[in-house]
Amino acid sequence: GIQVEQSPPDLILQEGANSTLRCNFSDSVNNLQWFHQNPWGQLINLFYIPSGTKQNGRLSATTVATERYSLLYISSSQTTDSGVYFCAVQGGSEKLVFGKGMKLTVNP
Amino acid sequence: GAGVSQSPRYKVAKRGQDVALRCDPISGHVSLFWYQQALGQGPEFLTYFQNEAQLDKSGLPSDRFFAERPEGSVSTLKIQRTQQEDSAVYLCASAGGGTDTQYFGPGTRLTVL
């Protein structure tokens with residue numbers, strides 16, 4: 001089945017810093033989503049982005065489907081950005097296949 | 001509008017007990033998914049419904065796991081004779097269609113003692 005790799009696995013930042021999260025996937029995809037899992041475990045949708053670039057406030061994402069990767073940019077990070085970020089893809093079936101996640105800690 | 005809701009939010013079961021976890025999807029969403037998330041891991045697919053039809057149950061770990069969605073709306077995930085390895089967060093997601101954005105509920109944290 002399709003494989004999803006996220007990097008880096010962990011990241012510690014000072015408030016105000018910028019960061020880039022990377023997601024590599026092993027096959028063509030119909031859907032790619034980025035999620036933020038908050039400390040209470042809720043998966044919050046950030047982007048639905050099978051291709052192209054989207055922006056939402058301080059967050060933006062780019063997926064280059066032909067090269068099988070996606071990037072999530074966080075600018076001017078805040079302590080509330082802390083949590084785990086997941087990339088998930090749909091390949092040949094409807095199920096989402098998740099990466100192992102990236103734990104972000106933003107210190108004040 | 002209301003998002004995906006799940007109940008109970010927390011469940012403690014003794015080994016060998018049966019449990020039932022409920023998911024209320026977003027109104028009108030055709031697709032419903034169940035995922036299992038172990039501590040420190042990403043969610044893993046269990047099963048998928050389109051309306052009342054269970055189209056994919058390839059992720060169910062054993063025949064002790066059973067899911068249904070009889071009227072194409074609310075879904076129940078049942079685990080029989082729970083084991084300690086079943087301890088995890090069980091997440092439900094719904095989508096307007098098969099490849100549309102999936103929206104997740106808050107999850108049910110199951111602890112088997």
Original post:
Do you know the relative contact order of chain A, to the nearest whole percent, from alpha carbon pairs under 8 angstrom that are 6+ apart?
Top reply: 37
Subject >> Karplus-derived 3J(HN,Hα), 6.51/-1.76/1.60, for each residue of the stretch A:22-28, Hz, glycine and proline x >> reply: 10, 10, 10, 10, 8, 8, 5
Original post:
So, in Å, what gap is there between the alpha-carbon centers of the stretch B:59-80 and the stretch B:1-41?
Top reply: 10
Original post:
Counting other Cβ atoms within 10 Å of each Cβ, which chymotrypsin sites (Phe, Trp or Tyr not before Pro) in the stretch A:11-94 have at most 14 and sit in a DSSP loop?
Top reply: A:W40
Original post:
Label points 7 Å out from Cα along the Cβ direction at A:Y69 and B:L55: separation in nm?
Top reply: 3.2
Original post:
Rounded if a/c is under 1.5, else prolate if a/b is larger than b/c, else oblate: which is the stretch A:51-108, with a ≥ b ≥ c the root eigenvalues of its Cα gyration tensor?
Top reply: oblate
Original post:
If you keep only loop residues by DSSP, which GluC sites (Glu not before Pro) in the stretch B:1-107 have at most 10 other Cβ atoms within 10 Å of their Cβ?
Top reply: B:E71
Original post:
Of A:T62, B:T82, A:T53, how do they rank once you tally other Cβ atoms within 10 Å and put the fewest first?
Top reply: A:T53, A:T62, B:T82
**OP:** Determine ³J(HN,Hα), in whole Hz, for all residues of the stretch A:68-84 in sequence, where each value follows from phi through the Karplus function 6.51 cos²θ - 1.76 cosθ + 1.60 and θ = phi - 60°; x replaces Gly and Pro.
**Re:** 6, 8, 9, 10, 10, 9, 10, 9, 6, 4, 10, 4, 6, 7, 4, x, 10
Original post:
Tell me, what is the FRET efficiency for A:A17 and B:A38 to the nearest 0.05, using R0 = 41 angstrom and their Cβ-Cβ distance as r?
Top reply: 0.85
Original post:
When the label point is put 7 Å from the Cα of A:N45 along its Cα-to-beta-carbon vector, which residues of the stretch B:87-104 have a backbone N closer than 11 Å?
Top reply: B:94-97, B:100-104
Original post:
Can you list the trypsin sites (Lys or Arg not before Pro) in the stretch B:1-43 that are in a DSSP coil and have 10 or fewer other beta carbons within 10 angstrom?
Top reply: B:K14
**OP:** Could you pull out every one of the aspartates and glutamates with an alpha carbon less than 13 Å from that of B:K14, ignoring same-chain neighbours closer than 8 positions?
**Re:** B:E85, B:D86
Subject >> Inter-label distance, nm, simple model (7 Å from Cα along the C-beta direction), A:Q55/B:R22 >> reply: 4.5
**OP:** Holding the Cα-Cα limit at 28 Å, pick out from A:K103/B:K11; A:K100/B:K57; A:K54/B:K57 the pairs that are longer than that.
**Re:** A:K54/B:K57
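Read-outs: derived from the displayed coordinates by stated rules, not from any lab. Just so it is clear, the model here is predicted, and its values are computed rather than measured. Here Cβ is always computed from backbone atoms with ideal geometry, including for glycine, and neighbour counts include all displayed protein chains.
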